[in-house]
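Q: Please read through the structure below; I'll follow up with questions.
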Amino acid sequence: MTEEGLNRIAGGLGIAVPTAYRELMFARGEEFRASQLGSYLWARANEVIIENLRERDPRCSLYDPYPRWWKEYFLIGTDDDNDYFCLRLDDPAVYKIGSDDSGPEKLAESLAAFLNTELIEPRLATPTKYACACCSCLTVLRGKKHSGCCPVCWWQEDGRSEADADQFIGEFEWGDISLTQARANYKSFGVFSEEYKGFVRAPKPEELPRS
Ligand SMILES: [Zn+2]
């Protein structure tokens, strides 16, 4: 981002743009813009101005929980849930605010720390995969509400433990099949239930079960 762009933000929004933000965007704005980080941390001056002005409109999502939020915050980007990353105008920490009124969430003590812990590291790290309950291949992403079907056996993680491996759980969306039966099916014909035979693929080398 150029000096001119940063001045345009200050003028357009009527705020003193925080120094740490100025320095960071001046030095690395172009790099962010060219990378996927640009979709989380706005890297164009016009985008910053438009997004900030738009959210000042009483019809927009921030107005109800944070009326006149712009007296306190400066929006710098957005996350996958349509919440906003922002700086407070009077302190160096980075916060998240959104349309629910759970209050601002402090994400990091500084813009530099925010960049590393919230934006860069999580997107560079390879997600840890866990063993599928049915085929034991390393295909399951935990911590996701809906981790999808295992590509190797098509079992869907539904929270069943070893203790209920023999149980038939009615709420399982594809009808009643016990985990024990699903494992036996996988051993016999390579899929947890024969009707999903066309959906599965062989495990990749990095997905092979740990012995
Ligand atoms: Zn599996």
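The values are calculated or read from the model by the stated rules, or taken from the named source; none is laboratory data. A quick note: this is a predicted structure, and the numbers were derived from the prediction, not measured. Every residue, glycine as well, gets a Cβ built from its backbone with ideal geometry; the counts of neighbours run over all protein chains shown.
Q: Restricting to the stretch 62-103, count the residues that are assigned to a loop (DSSP other than H, G, I, E, B), in contact (Cβ under 8 Å) with a residue 24 or more places away in the chain and touching a strand residue (DSSP E or B) at 6+ places or on another chain (Cβ under 9 Å).
A: Looking only at that region, the number is 6.
Q: To continue, here is another question. Can you find, within the stretch 113-138, the residue that is surrounded by the most Cβ atoms within 10 Å (Cβ to Cβ) among those that are within 16 Å of the ligand (Cβ to nearest atom) and at pLDDT 85 or above?
A: Within the stretch 113-138, the match that is surrounded by the most Cβ atoms within 10 Å (Cβ to Cβ) is 134.
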